[in-house]
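Notes for the one structure printed next.
The values are calculated or read from the model by the stated rules, or taken from the named source; none is laboratory data. This structure is a prediction, so every number in the text was calculated from the model and none was measured. Quick reminder, even Gly has a Cβ in these numbers, built from the backbone with ideal geometry, and neighbours come from all protein chains shown.
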Amino acid sequence: MDTRLLRFFTAVYEQRNLTRAAEQCFVSQPNISNGIKQLEDEIGKNLFTRTKRGVEIKEEAHYLYPIAKRILGELSSIPDIFKKSLFRNKICIGVAQDLPINLKSRLFKLITESVDNIELDIRPISRECDINLLIREWKFEEHLFMPIAKENYVLCIPDNHKLSEKDIIDLDDLKEEPFIHCPPCEAHQQCLSILSSKGDRWNTIANCATKSEVLTMLIAGLGITFLPEHLANPWNGFSIKSYNGPKYYREIGLSYSKEILENSNIKKIIDIISKNNFSLDTL
């Protein structure tokens, strides 16, 4: 539909007179009359009744008027949207679950300070994101990976558990103790390797889909588990214990495609992040 017809319509609706509407639109009265007739033909409804004193507004025109005003208003705002002062560079960042909040907050702050007029779109990790903040094991096969931090896994013992009184836990102490596991977790197999290193069986009390649910069951005192250090630190209801056995950690970093580096803003972000220290010990 020709938006010029909507402008003619709103002018006639507001002026209630074809001559004054023509003056408002800087066209001749025949142009206004022909435009209204064309609009009525397109929608299949009569909008006005012509009288000697002007026009009378029909019900269909009352219905169309707010729609026409909204459309014309949105069209007139388009140039302003793309003015440099208002235009924002949108960057989509995928973020994995259960990453340290202090690391994410510093990363987001650095990104917003690095690119002018930026708008961040934060969502779960996916190939459609410009960059992804995740664990190395979760990166997409064809993507590059830039490590930015390492996070230790720690042994967590509920306060009501008998082992909570020990300063250092031996792997033999864990034999037959109830364990909470997270099969989707990037360190699940390493956890099982630790528990199996002595050749003993382990007692699985629960398998959880996320580390947040593992944490919930841990706080409830239902079992023992390994968790990322910065996820476990702020909570009560359990103790983080040293143990004699293999230690392991997870590597946090940015995952992105080679092609996305053609975007100058993304390349700038990657370069700046690579030059900053994101060690969790200093955050």
task = State whether the residues of region 124-138 include one that is without any contact (Cβ under 8 Å) to a residue 40 or more places away in the chain, surrounded by fewer than 11 Cβ atoms within 10 Å (Cβ to Cβ) and not assigned by TED's automatic domain parsing to the domain that holds ASN263.
result = no
ask   = When region 151-164 is examined, which residues are found to be touching a Lys or Arg at 6+ places or on another chain (Cβ under 9 Å) and assigned to a helix (DSSP H, G or I)?
value = LEU163, SER164
request  = From (1) surrounded by fewer than 17 Cβ atoms within 10 Å (Cβ to Cβ); (2) in contact with a helix residue (DSSP H, G or I) (Cβ under 7 Å, 6 or more places away or on another chain); (3) not in a strand (DSSP E or B), pick out the condition that doesn't hold for ILE273.
outcome  = (1)
task = Can you run down the residue pairs with Cβ atoms below 6 Å, 6 or more apart or on separate chains, where the first is in region 25-50 and among the aromatic types (Phe, Trp, Tyr) and the partner is not in a helix (DSSP H, G or I)?
result = PHE48/VAL55
task = Scan region 199-228 residue by residue and report those that are within 21 Å of LYS104 (Cα to Cα) and touching a Phe, Trp or Tyr at 6+ places or on another chain (Cβ under 7 Å).
result = LEU215, LEU227, PRO228
